[in-house]
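Let me begin by presenting the structure, written as structure tokens, before commenting on it.
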Amino acid sequence: MEELLTTRNLSKTYSGVRVLQNVDFDLRAGEVHALVGENGAGKTTLIKILTGVVRPDAGGEISVGGVPVPNMTPLKSRQMGISAIYQDISLFSNLSVAENICAGLKRKGLHNARSVRDTARGTLAQMGLDMDLDARMGDVSLGQQQLVAIARAITFNAKILIMDEPTAALSSGEVEMLYDIVKRLKAKGLGIIYISHKFDEIFAIADRVTVLRDGHLIETGPVSAYNRQKLINLIAGKELLYTPYARGQSGGERLFEVEGLTCEPHFRDISFHVDRGEVLGITGLVGAGRSEVAQCVFGLLKPDAGTVRLNGRVLGIRNARDAIREGVCYLPEDRHTQGLFMPMSVRENVNVSNYRKVLGRFRLISPRAENAAALAYISSLSVKPALPDAPVHRLSGGNQQKVLVGRWLNAEPRVFIADEVTSGVDVAVKAEIHRLLRSLADDGIAVVLISSDLDEVLAVSDRIVVMRRGALAGELEAKDATQERILELSML
Ligand SMILES: Nc1ncnc2c1ncn2[C@@H]1O[C@H](COP(=O)(O)OP(=O)(O)OP(=O)(O)O)[C@@H](O)[C@H]1O
Ligand SMILES: [Mg+2]
């Protein structure tokens, strides 16, 4: 098969630390090549080198279509047909869907709104998608943004498509759509590098897989030569076993209760409760209104009707500050725009939600207390690098997610609402976050887990609420819940 891309001896050093070491990687035409590894293994760094965004150490080689490219730049990379969709999708939120698909394309005839729309419509048709071309990017769901980013890459005539965790924000229906698109592109002879922490996906669509660990390429082989456990062990570099934990013991004491909550046009008449010791799962298709419910409880959206009670007392939350004061925490799905302060350090990010805890004598912030808090979460969530002073933007995607989790745990919540909390974290950390959620529930905190990952919902929740198009579609006890039952309720 034709080699579209090869790298030899590719290394990268950041301030003295080698994050990639002598990587020999290749991509063939018509294949999906999965790139897997723990958070911080070097996956994103490798693809940033391929797109010319990051410069590799001297001595590395990149060839595209058999031609060596000594100094890769973003422009060269694009001209050679390499197109990447990063973890933090970068689209223009104030432009329309059509304008985003064509942004940066300086082709003849692409100067008026009509031709922009025609081009965009053509690409979407190729992908088998039907979307509102005039919708403002900022108004469409993260899942749709992801699809627009892919459409943009196709419009650019990409030969090599790189996707960095493309399904992190997609619902199961949209994931199927993405698989379809990937298959079409493969059939057209594109080579696709596919980064993911989700094994189901890798076994569903990849032809080959490469494992990175601590910047080293451990091995490359056909997907058929692996199973889930073998891949997990290679990624971790040791035998890693998943130990399921015990379910919660609910005494029936009502902790948290939402009744008749309505916020048009997002959702209406939503009621649910969390009893002491319980984890409540909320699932449904992306766009069902799950995140909006959380945002409304947290004071980010103004409700039209309904009450929210904590320990029987009605909470009058008008904004996020009220919510935090009442002990309601919300871990947003979109960490880039709603979550972390990227230029600030891990320490500052962990402590920003709880300055009371680190105020020392004379109400001055005690650096020692701040450091201790940051170090505690760095250790329990194994944040890498384990440096409280590291600016968050230098961390890998999954490690940023861990910092966000640490921040809200540090806020000493009474209600903990987590939205797609394990998106982008590796298997080991995912299990750790699940254990943390369980122990919060055991400590008497009302835990609400919003997730599209049905395995996760089924593994962690004691009860599951399913939403569909802004309304309640049903509620299931964990013991009666199955994947099929949930899908049925979500799509009816
Ligand atoms: N600008 C930077 N400065 C310093 N270190 C960096 C920078 N960018 C990345 N790193 C470090 O390089 C290592 C590899 O990061 P990378 O983002 O490639 O990981 P990854 O495999 O994509 O992880 P994830 O699954 O979490 O996205 C990490 O230790 C990260 O902290
Ligand atoms: Mg990454």
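Read-outs: derived from the displayed coordinates by stated rules, not from any lab. Computed from a predicted structure; not experimentally measured. Note: ideal-geometry Cβ built from the backbone for every residue, glycine included; neighbour counts use all protein chains shown.
Which one, 140, 167, 153, is farthest towards the positive end of the dipole of region 34-167 when Lys and Arg carry +1 and Asp and Glu -1 on their Cβ? Of the options given, the answer is 153. Charge dipole of the chain (Cα centre as origin; +1 on each Lys and Arg Cβ, -1 on each Asp and Glu Cβ, all else neutral): 1480 debye, rounded to the nearest 20. Here 422, 262, 482 are placed in order of increasing Cβ neighbour count within 10 Å, fewest first, which gives 482, 262, 422. Once the chain from residue 134 to residue 482 is taken as fully extended at 0.36 nm per residue, the excess over their C-alpha distance is 121.4 nm. Simple rule: put +1 on each Lys or Arg Cβ and -1 on each Asp or Glu Cβ in region 254-491, find the dipole, and look at 392, 366, 417; the Cα lying farthest toward the positive end is 366. Here 291, 63 are placed in order of increasing Cβ neighbour count within 10 Å, fewest first, which gives 63, 291.
Exposure proxy for 165, 333, 259, 348: other Cβ atoms within 10 Å of each Cβ, ordered fewest to most, give 259, 348, 165, 333. In the chain, excluding the sites themselves, the longest stretch lacking any of the trypsin sites (Lys or Arg not before Pro) that are in a DSSP loop with at most 15 other Cβ atoms within 10 Å is 319-468. Pair-distance distribution of the chain: all C-alpha pairs, bin width 20 Å, starting at 0; shares per bin in whole percent are 22, 55, 22, 1. Dividing the summed -39500 (n - 2.57) terms of all DSSP H runs of n ≥ 4 by the residue count of the chain sets its mean residue ellipticity at 222 nm at -10000 deg cm²/dmol.
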